[in-house]
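I have placed the structure first, in the form of structure tokens, so that the comments after it can refer back to it.
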Amino acid sequence: MRDNPIICWCISLQLVILVALLASVEGDIESNLLDDDGGWTTENKDRIAQPGPCNINVEDGSLTQEDFIKKYAYSEPVVIKEATDNRVFQTLTRRSALLEGYGHTTVRLSSANSYSYDKKDVTFNEYCIRHVHPQKLTTLGNETFYFFGDNNHEEWQDLLEQYKQPPYRLPHHLPALSFGLAGPGTGVPFHFHGPGFAETMWGRKRWFMYPPNVNPNFHPNRTTLQWLMEDYPLRKDDPNLYECTLNPGEIIYFPDKWWHATLNIDSSVFISTFLSP
């Protein structure tokens, strides 16, 4: 009798979770993560972007739901550290684990410009090999294809169920998860939508944000890396510009209709919790 790949993957998933939990109990994971990239290695020569300043309020897990609503939910972004313990999910998103469990699945890539109108279907394995690489300064947004959210939720359900969502809610809104990964120097130019949270699992990601009543100056087909190198030096002192660099395990909240652009410093794995009424 041939092995059932679904059953084999479920057993493998359970074993990985067990190993992660045991390591967590022993306190080994936190110390190992100091130099651990989850297999999503980025060479120093490939890091064009570097961490930047942070003028967004930073809170920790002691932030209450009441204070979140009062101070941030409808008014400004916030970075939250140690809000949840996602070490198990982080372990499951190591490169080797994702390729073993999902390499055969088909994922839909979107062009990394403001409107993401071009799509491309590839296997997850092909995406990791051919598309997760350093961004070139000369590459435009419509030439960059990005995996974020357009995955079959039934195929990825076992993984997404292991993610502990941020412990904050907006009244009359429901959460929806979007999972993605991309290479160093990639990102999405300025755009806006409804409110939500974003968390990095591996790698670092810079965020740039403007309030809804301020239109950022950018070209929708220029990449965030190009904006950083060409436009940011002229706008970094703009009092309307909010920015911060997210490290693994940190969460950022973006309120409704706030403009935001992202830039992956390293090869990055990330997940967002979009809140919809």
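No value in this document is a laboratory result; all are computed from the given coordinates. Just so it is clear, the structure is predicted and the values come from calculations on it, not from any experiment. Backbone-built Cβ (ideal geometry, glycine too); neighbour counts: all protein chains shown.
Please arrange Leu241, Leu225, Leu234 by how many other C-beta atoms lie within 10 Å of their C-beta, fewest to most. Don't skip to the end; give the middle numbers.
Numbers: Leu241 17, Leu225 25, Leu234 9.
Ordered from fewest to most neighbouring Cβ atoms within 10 Å, Leu241, Leu225, Leu234 come out as Leu234, Leu241, Leu225.
Check the straight Cα-Cα distances from Lys81 and name the lysines below 22 Å, setting aside those fewer than 8 residues away within the same chain.
Cα-Cα hits under 22 Å: Lys70, Lys71, Lys164, Lys205.
Dipole size in debye (nearest 20) for the chain around its Cα centre, Lys and Arg Cβ +1, Asp and Glu Cβ -1?
Working: 23 positive and 35 negative charges, 137 e Å.
For the chain, the charge dipole is close to 660 debye.
Give the Rg (one decimal place) followed by the Dmax (whole number) of the chain, computed from C-alpha coordinates and expressed in Å.
18.5, 66
By how many degrees, between 0 and 90 and to the nearest 10, does the Cα long axis of helix 5-26 differ from the longest principal axis of the chain?
Between the helix axis and the principal axis of the chain, the angle is about 70 degrees.
How much of the DSSP beta bridge set in the chain is antiparallel, as a percent to the nearest 5? Provide the component values of the computation, followed by the final result.
Details: 44 of 47 bridges.
Antiparallel: roughly 95 percent of the beta bridges in the chain.
With a/c under 1.5 counting as rounded, go ahead and sort region 64-113 into rounded, prolate or oblate using the C-alpha gyration tensor (a ≥ b ≥ c being the square roots of the eigenvalues; past the cut-off, prolate if a/b is larger than b/c, else oblate). Intermediate values should be presented prior to the final figure.
Values: a/c = 4.19, a/b = 1.80, b/c = 2.32.
Here region 64-113 falls in the oblate category.
Exposure proxy check: Ser114, Ser96 ranked by fewest other beta carbons within 10 Å? It would help to have the intermediate numbers written out before the result.
Working: Ser114 18, Ser96 9.
Result, fewest neighbours first: Ser96, Ser114.
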